[in-house]
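The structure under discussion appears below in the form of structure tokens.
None of the figures in this text is laboratory data; all of them are computed from the coordinates on show. Please read all numbers here as calculations on a predicted model, not as lab measurements. Glycine gets a Cβ as well: all are built from the backbone with ideal geometry, and neighbour counts include every protein chain shown.
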DNA sequence: CCCCCCCC
């Protein structure tokens, strides 16, 4: 039998291209002192035309060295590899999976006349290499069998490698003309991923994987699951839909490390996760995920625990991490969903920590069914939803990761505290926040302007009302006044007949007088953010400190300086604003519209009382 | 392309 090396493969790979399953010859190996006890091997490879010494054997293939499978002259078929660019554009191949085509002893000689490949050298046209004749036992052993005979003696890793980077990318390269060469890319830190380029390969640990969930809405239906991946630089959330669910849900396991290429990146919606990344990834049909079996120092699951007494200082309807002892758990019970009318299993846990506060956390479905709280376990939840029901309460989502008795330092500390002290303590509980929800619609619902944004006020079905203390920064005086119908309750804008009379379309009447009305846009500011608000008549009059008629009279006088001064004098004053905010859509364009419902001067005594209450609430919880 | 996570 004859052995044909993939001539030109080394040049192609080293210049950033991709070659699917090249046949190469091992011409040498060198052991490199490994950092953490793991030996690393560097192979001298040849394609018969070029040789290349910067090929690192993935450590999971070290057994091939130990078993003398990669002796000099061995011919291999390289199934999976990646190509990392290190400084000054130098590329290093990492050999992830290979088959021995013919053993070194069987081949017994260098095939072709390989010369050392020099990076950056101009590409040469490489003639097909003449086949070499193995010098070992000729037909007897090799002749009858297919070239890919010898299976490396490595741990089973079957399904994970069914479509590694090289193979998959090779199939794609014709369809991806903008990414010539496909997969031979260096490892990117997750922090460098952006939607603006697609040629990257990350190596990251899966730190969370959700269950499969189905959806059905007006835009269609399907199934999906989401994952988190983490490397030294950052974490990123990734979602797989439909076919990619079938492809990856079983394959991807929490805590394992993967090479990932060619995901779609888009801006993350922070509302739905607490992963610290502006982007998130969607797996598409070109995405390539390959298990990395090498030892890595990649960080594993990390939490940003919020102490239970601090939950109240964080905005509701956000995703957070929490750690607590399950002091008690209800039996599982079944409720009927309001909209779905389906039975839903739920179980409420009482979670406590060293802060001396307890909070209710609800488990749903299988989580509720399978939970056993009899041993008062420590529970860590990454990505649970916090709402303001009952002050604060938590809900474990299907995308949350709940770990019972996690092996992390905080959990051990908490366990020790609970067993010695906590188990006999009384805990404070969150209570319905009266400033937000009691009373007949005159409740304050104090928010600062950054909370208006972070809590997504105005994005729900109903308008949100909130109260803020703020300073008037700017009043837009252009078009802030209009001539309105003089009748008592009608504020309709009049049509000027230009003959000294005015018509009200609403009252179907002509008038020879009008009254001035105001719609005044104001830019407000507090210590956290700015907020535009529309102020109608009474609010505008309060801000400007005079009746609209008086302002209109100045306008009528034609004294523009005097008119400007009225607005100038009104800026930089503080008021208590009651505001209403709602997303409104005109011509398919949505924008948040915030209207001033009421303005009042700051009553400093009352406002101080509120501040004192805030402080007390913060310090006693 | 989801982003619902239900109940009190």
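What ranking, highest mean first, results for peptides A:15-26, A:541-552 when packing means the other Cβ atoms within 10 Å averaged over each residue?
Most protected by this proxy first, the peptides run A:15-26, A:541-552.
At a 10 Å Cβ-Cβ cut-off, how would you order A:69, A:605, A:538, A:455, fewest neighbours first?
Details: A:69 22, A:605 7, A:538 14, A:455 18.
Fewest to most other Cβ atoms nearby, the residues stand as A:605, A:538, A:455, A:69.
Over the Cα atoms of the range A:383-537, what Rg and Dmax result, in angstrom?
Final numbers for Rg and Dmax: 26.9, 89 Å.
Test of understanding: what is the full-extension gain from residue A:618 to residue A:254, defined as 0.36 nm times their sequence separation minus their Cα-Cα distance?
127.3 nm
Measure off 7 Å from each Cα along the Cα-to-Cβ vector at residue A:506 and residue A:389, then give the distance between these two points in nanometres to one decimal.
With each label point 7 Å from Cα toward Cβ, the separation is 4.2 nm.
What is the distance in Å between the Cα centroid of the range A:217-272 and that of the range A:481-520?
Here the answer is 59 Å between Cα centres.
Residue A:479 label point, 7 Å along Cα→Cβ, cut-off 15 Å on backbone N: hits in the range A:524-546?
A:534-535, by backbone N distance to the label point.
Run the numbers for residue A:461 and residue A:32: contour at 0.36 nm per residue of separation, minus the present Cα-Cα distance, in nm.
Extra length available between residue A:461 and residue A:32 comes to 148.1 nm.
Compute the whole-percent fraction of alpha carbon pairs in chain A spaced more than 40 Å apart.
Across chain A, Cα pairs with separations above 40 Å total 52 percent.
Pull out the extension gain between residue A:191 and residue A:527, defined as 0.36 nm times the separation in residues minus the alpha carbon to alpha carbon distance; nm, one decimal. Could the numbers behind the result be given before it?
On the way: separation 336, 0.36 × 336 = 120.96 nm, distance 3.08 nm.
This chain segment gains 117.9 nm when fully extended.
So what's the gap between the Cα centers of the range A:574-595 and the range A:293-325, to the nearest angstrom?
33
Over chain A, what is the relative contact order in whole percent, taking alpha-carbon pairs under 8 Å and six or more residues apart?
With pairs under 8 Å counted, the relative contact order is 8 percent.
What distance in nm separates the simple spin-label points at residue A:313 and residue A:589, each placed 7 Å from Cα in the Cβ direction?
4.2
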